[in-house]
Amino acid sequence: MTALDINSLAAMEFELNWQSAEANHSELYYAPNVNMWRDIFPAAVEKEIIGCRKRQTFTFEFAPGVVVPAFSPGKVLDLSPGQFSSIHVSGHKLAPRVGRFYPAGLLRNVAGVFPQTLAPFRVIALDDDRIRVDLNHPLSRLPIELKVQINSIRQSAVERGGRCTDWLEEVTLNGPGMQARANGTKTVFKNKHSYERQDEDNDSRFYSGPRLVGHIDTQAGSMLCRIYTRFLNRNDRVLDLMSSVQSHLPENYDLVTTGLGLNRAELKKNPVLNSRLVHDLNKTGVLPFGNTLFDIVVCSLSIEYLTNPEKIISEISRVLVPGGKVLIGFSNRWFPPKVTRLWLEIHDFERMGLVLDHLLENGSFTELYTFSARNWPRPVNDRHTGKIATSDPIFVVAGTKKPQ
């Protein structure tokens, strides 16, 4: 069996684990073409993995300031409100809010920041004549655990050109850390327009025609199932909320699954459902079930359509048994007329923070987790292959209902 050496090309999976005051977080990232001669790792990582074999996994612990630059007080700045250059998103002017992240390129007259700068900054205080911003990496103060799994090893002719990739920079770039609150302070996500949508007509009309297709590619669907499976027992009673033709649940489990959705034909085509119910959550705001009936509530690729998410989270808590789990998964694909304005305004990783906030504000959930999974190759038979290089990203927020 081939061993990894300085001239190898390899495929690797990285898992970055860290903790905030509110939750545990895991960032999963796939590196399909690691060039051991050219690419960059921390010295401790490279020393450990050289000589390893396929399917080996390694774990490393890093103090704050090793994986990403250490926190610098000099990157916390007091600016005038005029130095924040608002942009329009979906026809609406974007205004700064406390706790939110924005691309640094929106700032004006800040040393080292240019209109093209995409690195995020966070608004940490705001009043009429001041905006305080933090330009530090959102993980800059945190210890980090890194797991590296070697998926494949192949030898190559010695290559001395091409791009030099710092893989931990890739894993941590523009996202990880943004789902956590700032020093435990609740992020100001919402305003009075947050749950407006392009199409405010009754949802049952929009979904009256069946859409018998998957809403993410097959690799992303497999990843969503992989993350969900971490939380499932083989005989769980599952409520698949806002269900469709796919549930993204493991096929080799003996789950008893109830599907609640808006289109009967879609639900009928879903092979894992044991029972099916057509029900409009935006219209009723309630789940038509008794208390403590389910071990798991799953909501896949749909949370962005809810106009009353806090109420639905309360209903999820009601129908879960104590110790039951809620799993909320999403990607960056949706039906534009029905997605809420707030969802469009915030970064992918902030969306995890928003869903996490719903669970935190409800007060009945503990053992909170977030997961991101990015950069897996798009399946070769996918209709977007050749146009989109990577699989759809996956994001999951999970929580456990507190014992009564």
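The values are calculated or read from the model by the stated rules, or taken from the named source; none is laboratory data. Computed from a prediction, not measured in an experiment: that's the story for all the values here. Neighbour counts are summed over all protein chains in view; Cβ atoms, including those assigned to glycine, are modelled from backbone coordinates with ideal geometry. Protein only, heavy atoms only, side chains kept; ligands, DNA and RNA dropped before computing areas. Shrake-Rupley method; radii C 1.70, N 1.55, O 1.52, S 1.80 Å.
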Which of (1) in contact with a strand residue (DSSP E or B) (Cβ under 8 Å, 6 or more places away or on another chain); (2) open to solvent by less than 20 Å² (accessible area, probe 1.4 Å); (3) not basic (Lys, Arg) does GLU266 not meet, given it meets every other one? (1)
Tell me which of these HIS25 doesn't satisfy, since it passes every other one: (1) at pLDDT below 95; (2) closer than 30 Å to GLU361 by Cβ. (1)
For region 376-402, enumerate the residues that are free of Cβ contacts under 8 Å to residues at least 40 places away in the same chain and of a type in the set (D, E, K, R). ARG383, LYS387
Whether any residue in region 71-78 is hydroxyl-bearing (Ser, Thr, Tyr) and either over 16 Å from LEU139 (Cα atoms) or touching an Asp or Glu at 6+ places or on another chain (Cβ under 8 Å) (or both) is what I want to check. no
Among the residues of region 230-258, write down those that are open to solvent by 40 Å² or more (accessible area, probe 1.4 Å), more than 19 Å from SER391 (Cα to Cα) and of a type outside the set (A, V, I, L, M, F, W, C). ARG230, ASN233, ARG234, ASN235, ARG237, GLU251, ASN252, TYR253, ASP254
Over region 63-111, the set of residues polar (S, T, N, Q) and out of contact with any helix residue (DSSP H, G or I) (no Cβ under 8 Å at 6 or more places or on another chain) is SER72, SER80, GLN83
Could you run through region 188-215 and say how many residues are of a type in the set (Gly, Ala, Ser), modelled with pLDDT under 90 and closer than 24 Å to ARG351 by Cα? 1
Return a yes/no flag: does region 176-195 have any residue that is within 23 Å of ALA373 (Cα to Cα) and of a type in the set (D, E, K, R). yes
With (1) closer than 18 Å to ASN270 by Cβ; (2) at pLDDT 95 or above as the list, and ASN235 as the residue in question, which single condition is left unmet? (1)
Could you please find all residues in region 178-229 being surrounded by fewer than 13 Cβ atoms within 10 Å (Cβ to Cβ) and touching a Ser or Thr at 6+ places or on another chain (Cβ under 8 Å)? none
Would you confirm whether any residue within region 143-166 is exposed (fewer than 15 other Cβ atoms within 10 Å of the Cβ), touching a residue at least 40 places away in the same chain (Cβ under 8 Å), at positive phi and not in a strand (DSSP E or B)? yes
Of (1) under 22 Å from CYS299 (Cα atoms); (2) under 16 Å from the mean Cα position of the chain (by Cα), LEU232 satisfies all except one. Which? (2)
Region 67-88 - residue that is open to solvent by 80 Å² or more (accessible area, probe 1.4 Å) and at pLDDT 95 or above and, of those, nearest to the chain's Cα centre (by Cα): PRO69
Pick out, from region 289-404, the helices (runs of 4 or more DSSP H) lying fully within it that include 2 or more residues that are open to solvent by 40 Å² or more (accessible area, probe 1.4 Å) and in contact with a Cys (Cβ under 6 Å, 6 or more places away or on another chain). none
For region 32-46, which residues satisfy the criterion of being open to solvent by 50 Å² or more (accessible area, probe 1.4 Å) and under 20 Å from GLU145 (Cβ atoms)? ILE40, ALA43, ALA44, GLU46
Number of the exception - VAL133 against (1) assigned to a strand (DSSP E or B); (2) open to solvent by 20 Å² or more (accessible area, probe 1.4 Å); (3) touching a residue at least 40 places away in the same chain (Cβ under 8 Å): (2)
Restricting attention to region 115-163, which residues are hydroxyl-bearing (Ser, Thr, Tyr) and modelled with pLDDT under 90? SER156
Could you tell me which residue of region 9-22 is farthest from the chain's Cα centre (by Cα), considering only residues that are open to solvent by 10 Å² or more (accessible area, probe 1.4 Å) and among the aliphatic types (A, V, I, L, M)? LEU9
